[in-house]
Amino acid sequence: MFLFRRGLVAAALVLCAAVAGCSDLDEPGQGLARNDLVSDLATQMSDAAGLTYEASYQLSGGETATVAQAQQPTRSAYVYPGGKVTVTSDATTRCSTRTKATTCTMTAPATPTSPPPAKVFEGADGAGMVLPSTVLALLNAAVLDNDVEVAQHDTTIAGRHATCVQLTGVDGAATRDFTTCITNEGALGSFNGILNSLRVDVAMTHYAESVPEEIFEVPKAAKLVDRRRHPDGEQPAA
């Protein structure tokens with residue numbers, strides 16, 4: 001599909017050059033070019049699911065969050081002020097760390113056709129963290145909207161080259177207007193916009209291609225509640 005779009009843009013350029021007095025692409029052509037850029041960023045983010053990396057972010061108000069993922073087996077962790085979510089082949093585990101007694105609730109592991117429910121990440125959302133999957137969904141919505149306004153620039157974030165887009169008027173998305181930067185690796189570099197009625201502003205401060213294994217582990221001394229087989233009952237894990 002991407003090749004088809006690029007082919008249309010190339011054909012329009014050739015036709016434009018062949019016609020006297022033609023100086024700019026018309027609006028449909030410009031829309032295709034803009035959507036190509038957004039589509040490429042979405043593809044980069046999607047492909048990044050196969051990477052191993054750890055990225056730290058500064059949130060609004062100065063607090064920090066971390067996204068980490070590794071392969072073989074596939075696992076990920078999201079650490080934010082007051083909580084942590086780990087997604088492994090054994091369980092999806094949400095931990096609350098705001099009190100002295102950390103409590104972690106284990107639910108059924110995610111699968112390719114059944115990702116963790118949005119409720120698992122409510123704490124992350126409330127803390128001002130922005131998940132890569134959230135930004136990917138926004139970019140995919142923008143790809144489908146030929147009327148979206150796009151402004152683009154390049155930058156460097158945490159030592160990584162990144163492409164930034166400011167998108168305005170995105171229909172069918174969690175927010176219509178936002179700015180995001182995606183690194184060449186496909187990691188989220190930054191995001192600014194309104195999500196869940198809150199202004200969020202995150203920026204990557206550190207990126208590493210190796211991940212300490214303990215980040216995927218449940219905090220020591222945490223109280224475990226295992227709901228993998230009994231979702232309605234609290235059954236402490238052994």
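The values are calculated or read from the model by the stated rules, or taken from the named source; none is laboratory data. This structure is a prediction, so every number in the text was calculated from the model and none was measured. Surface areas here come from the heavy atoms of the whole protein model, side chains and all, with no ligands, DNA or RNA. Shrake-Rupley method; radii C 1.70, N 1.55, O 1.52, S 1.80 Å.
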Exercise. Taking only the alpha-carbon atoms of region 47-133, what semi-axes of the equivalent ellipsoid follow from 5 times the gyration tensor eigenvalues under a square root, in whole Å, largest first?
Worked result: 20, 17, 11
Seminar exercise, completed: For region 127-181, the convex hull over Cα atoms projects on average to an area in nm² of 4.2 nm²
Seminar exercise, completed: Per 5 angstrom bin, beginning at 0 and ending with the bin that holds the maximum distance, the Cα pairs of region 163-205 fall in percents of 6, 23, 28, 25, 14, 4, 0
Seminar exercise, completed: Contour minus Cα-Cα span, Ser114 to Ala49, at 0.36 nm per residue, comes to 21.8 nm
Problem set entry | Rg/Rg_globular for region 36-85, with Rg_globular taken as 2.2 N^0.38 Å and Rg from C-alpha atoms | 1.36
Exercise. Taking square-rooted eigenvalues a ≥ b ≥ c of the alpha carbon gyration tensor, is region 176-230 rounded, prolate or oblate, where a/c under 1.5 means rounded and, failing that, a/b exceeding b/c means prolate?
Worked result: oblate
Exercise. Rounded to a whole number, what % of the accessible area of region 63-196 do carbon and sulfur atoms account for, probe 1.4 Å?
Worked result: 49 percent
Problem set entry | 1.4 Å probe accessible area per residue over region 121-238, in Å² | 53 Å²
Exercise. So what J values fall out for region 168-184 if you push phi through Karplus, 6.51 cos²θ - 1.76 cosθ + 1.60 with θ = phi - 60°, rounded to Hz, Gly and Pro as x?
Worked result: 10, x, 7, 8, x, 10, 5, 8, 7, 10, 6, 10, 9, 10, 10, 6, 4
Problem set entry | Whole-angstrom Cα spans of region 78-210 along principal axes, big to small | 46, 33, 28
Seminar exercise, completed: Residue-ordered couplings for region 118-130, obtained by feeding phi - 60° into the Karplus form 6.51 cos²θ - 1.76 cosθ + 1.60 and rounding to whole Hz (Gly and Pro as x), are 4, 4, 4, 9, 4, x, 5, 4, x, 7, x, 7, 10
